[in-house]
Amino acid sequence: MAGKFYDAEFKRRAVELYEQTPGATIQQIAMDLGVSRETMRVWVRDLGSGLRTASGGPVPVGEPESDAARIRRLEAELASERAEVKKLSVERDILRSAAKYFAGETRW
């Protein structure tokens, strides 16, 4: 059985998606993209920058929040939302590339 071939752009975007998704695991990203966990792990090892997007933690319930703490929390939420938008853009681009690839592969 022949293995699947993924071009360099797909691999780079997959690693970028993993690195820019707060709280994501290699297994989650691999499942979303339809590749094996080990393949994704090798791509991250070989192509990754070693930096991950951090996620902001939840605010304790019932405690009064100072203005400085509120600003930090809102900035963390904004960073998280921006990371989510970037993640969705990368996913969309990956799916677009995959659709083009598979559209070219089908010869009815």
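The values are calculated or read from the model by the stated rules, or taken from the named source; none is laboratory data. For clarity, every value in this text was computed on a predicted model and none was experimentally measured. Positions of Cβ are backbone-derived with ideal geometry, glycine not excepted, and every protein chain shown enters the neighbour counts.
Within region 1-40, restricting attention to residues that are part of a loop (DSSP other than H, G, I, E, B), more than 19 Å from Val85 (Cα to Cα) and not aromatic (Phe, Trp, Tyr), which residue is farthest from the chain's Cα centre (by Cα)? Selected residue: Met1.
From Arg12, Arg41, Arg37, grab the single residue that is surrounded by fewer than 17 Cβ atoms within 10 Å (Cβ to Cβ), in contact (Cβ under 8 Å) with a residue 24 or more places away in the chain and not small (Gly, Ala, Ser).
Result of the check over Arg12, Arg41, Arg37: Arg12.
Kindly check whether there is at least one residue in region 56-72 that is at pLDDT below 85, within 24 Å of the chain's Cα centre (by Cα), closer than 21 Å to Leu17 by Cβ and not in a helix (DSSP H, G or I). There is at least one residue in region 56-72 that is at pLDDT below 85, within 24 Å of the chain's Cα centre (by Cα), closer than 21 Å to Leu17 by Cβ and not in a helix (DSSP H, G or I). Here Glu81, Glu38 are screened, and the one residue that is more than 20 Å from Ala8 (Cα to Cα) and either of a type outside the set (Ser, Thr, Tyr) or at pLDDT below 90 (or both) is Glu81.
Considering only residues of region 44-55 that are surrounded by 12 or more Cβ atoms within 10 Å (Cβ to Cβ) and in a helix (DSSP H, G or I), which is nearest to the chain's Cα centre (by Cα)?
Val44
One residue stands out among those in region 75-87 that are among the hydrophobic types (A, V, I, L, M, F, W, C) and loosely packed, with under 12 Cβ neighbours inside 10 Å: the one that is nearest to the chain's Cα centre (by Cα), which is Val85.
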